[in-house]
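Report on one structure; see the data block that follows.
The values are calculated or read from the model by the stated rules, or taken from the named source; none is laboratory data. As the structure is a computational prediction, the values presented were derived from the model and not from experiment. Don't worry about glycine lacking a Cβ; one is built from the backbone with ideal geometry, like all the others, and counts go over all protein chains shown. Calculation scope for accessible area: heavy atoms of the full protein, side chains included, ligands and nucleic acids excluded. Shrake-Rupley method; radii C 1.70, N 1.55, O 1.52, S 1.80 Å.
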Amino acid sequence: MSARLIDGKAIAAALRQRIAAAVPALPRPPALAVVLVGDDPASQVYVRNKARQTRAAGMVSIEHRLPADTAQEALAALLQGLNEDDAVDGILVQLPLPAHLDEAAIIGQIDPDKDVDGLTEANAGRLVLNRPGLRPCTPTGCVILARDTLGDLTGKNCVIVGRSILVGKPAALLFLQENCTVTIAHSRTRDLPALCRTADILIAAVGRPRMIGADFIKPGACVIDVGINRIEDSAAEKGCRLVGDVDFEAARKAAGAITPVPGGVGPMTIACLLRNTVLAACARKGWPVPEGL
Ligand code: NDP
């Protein structure tokens with residue numbers, strides 16, 4: 001058996017298209033402010049892509065690029081200004097920040113109603129309490145992919161490998177909201193392959209290249225690979241290539257459906273960021289949420 005490919009690129013493009021179709025009907029286009037500190041090449045690529053896709057969806061993209069030695073107070077002052085600017089609906093601080101900056105304190109400065117990454121304490125609390133709020137983008141992308149593949153997720157066993165604040169924990173809460181029976185695994189979990197074989201939906205968010213092999217997968221399971229790992233490959237164009245946390249070639253023989261890396265969860269993350277920007281604007285301004293979002 002060879003698994004069906006979950007086409008994250010196409011599913012993300014369809015979501016971005018629904019957003020682009022909804023924006024002209026809003027009283028004004030929502031605006032996303034992205035703050036980049038320093039010159040990390042990967043972060044620069046991410047920020048460029050976010051800005052491009054924001055504009056392509058008909059929204060306003062505001063970019064703030066600050067030098068690597070920016071002081072905590074200067075960054076805090078910029079965020080305060082964005083918080084107070086009624087024309088800004090979403091604020092995203094590109095992570096990681098340079099080491100001299102207190103990342104938690106900076107995230108804590110963002111107005112929770114503009115926190116389109118869903119990383120503030122307020123939004124984490126709202127998620128736990130099942131209250132309306134902005135949800136983290138990557139885990140939301142995982143849920144959308146699972147729903148697109150399986151339909152109603154009620155009663156499915158979902159195993160999430162990884163308990164990070166960014167991915168694993170919020171993913172667990174989001175799949176719980178979908179009425180899944182959720183198990184969170186981590187580096188101290190005993191007999192991880194056997195536990196993973198109980199999963200109808202297996203989410204890999206570990207950060208270890210190709211760790212999840214065929215022996216982790218229940219035949220027919222839906223496998224969603226969050227991992228993005230750069231490995232050396234002399235045959236690849238730049239001497240390296242991206243692989244996930246799942247051993248794709250081995251796993252696809254056991255799984256029913258599987259995301260590729262790249263082209264799976266990655267594109268969903270930005271699409272969900274755009275969606276969050278629209279949702280943030282609607283919630284702040286009291287506009288009805290467009291259909292299809
Ligand atoms: P973290 O390093 O913060 O967390 C990794 C988790 O994996 C931890 O909970 C850790 O357990 C667990 N873990 C590590 N080794 C093992 C093991 N041998 N067995 C079981 N569990 C293990 O990573 P993130 O959650 O931030 O990211 C995970 C992956 O997802 C990375 O590859 C990252 O690049 C990618 N990513 C992709 C995104 C996208 O848009 N597609 C967005 C964000 C991340 P413990 O807590 O016990 O240490």
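Structure notes:
Residues are listed down the side, and each one gets a yes or a no for (1) among the charged types (D, E, K, R); (2) assigned by TED's automatic domain parsing to the domain that holds Leu75; (3) modelled with pLDDT under 95; (4) out of contact with any Asp or Glu (no Cβ under 7 Å at 6 or more places or on another chain):
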position: Leu101; (1), (2), (3), (4): no, yes, no, yes
position: Val128; (1), (2), (3), (4): no, no, no, yes
position: Arg131; (1), (2), (3), (4): yes, no, no, yes
position: Ala146; (1), (2), (3), (4): no, no, no, yes
position: Gly151; (1), (2), (3), (4): no, no, no, yes
position: Arg163; (1), (2), (3), (4): yes, no, no, yes
position: Gln177; (1), (2), (3), (4): no, no, no, yes
position: Val182; (1), (2), (3), (4): no, no, no, yes
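- Verdict on Ala254 being more than 14 Å from the ligand (Cβ to nearest atom), among the hydrophobic types (A, V, I, L, M, F, W, C), in contact (Cβ under 8 Å) with a residue 60 or more places away in the chain and open to solvent by 50 Å² or more (accessible area, probe 1.4 Å): no
- Across segment 32-78, the number of residues qualifying as within 22 Å of the chain's Cα centre (by Cα), within 16 Å of Ile107 (Cβ to Cβ) and not in a strand (DSSP E or B) comes to 1.
- Pick from segment 195-219, criterion open to solvent by less than 60 Å² (accessible area, probe 1.4 Å), of a type outside the set (Val, Ile, Thr) and out of contact with any Cys (no Cβ under 8 Å at 6 or more places or on another chain), ranking: farthest from Arg241 (Cα to Cα): Leu195
- From Ala31, Ala51, Ala10, residue being closer than 27 Å to Val265 by Cβ, of a type in the set (A, V, I, L, M, F, W, C) and without any contact (Cβ under 8 Å) to a residue 12 or more places away in the chain: Ala10
- Selection status of Arg190, within 16 Å of the ligand (Cβ to nearest atom), loosely packed, with under 15 Cβ neighbours inside 10 Å and over 19 Å from Cys158 (Cα atoms): no
- Taking the conditions (1) part of a helix (DSSP H, G or I); (2) within 16 Å of the ligand (Cβ to nearest atom); (3) open to solvent by 70 Å² or more (accessible area, probe 1.4 Å) in turn, Leu176 satisfies each one other than (2).
- In segment 184-293, counting only strands (runs of 3 or more DSSP E) that sit wholly within it, the ones holding 2 or more residues that are among the aliphatic types (A, V, I, L, M) span 201-204, 222-225, 240-243.
- Residues in segment 220-242 that are out of contact with any helix residue (DSSP H, G or I) (no Cβ under 9 Å at 6 or more places or on another chain) and buried (at least 16 other Cβ atoms within 10 Å of the Cβ): Asn229 alone.
- Set Arg131, Arg135: member being open to solvent by less than 60 Å² (accessible area, probe 1.4 Å), in a loop (DSSP other than H, G, I, E, B), basic (Lys, Arg) and more than 19 Å from Gly227 (Cβ to Cβ): Arg135
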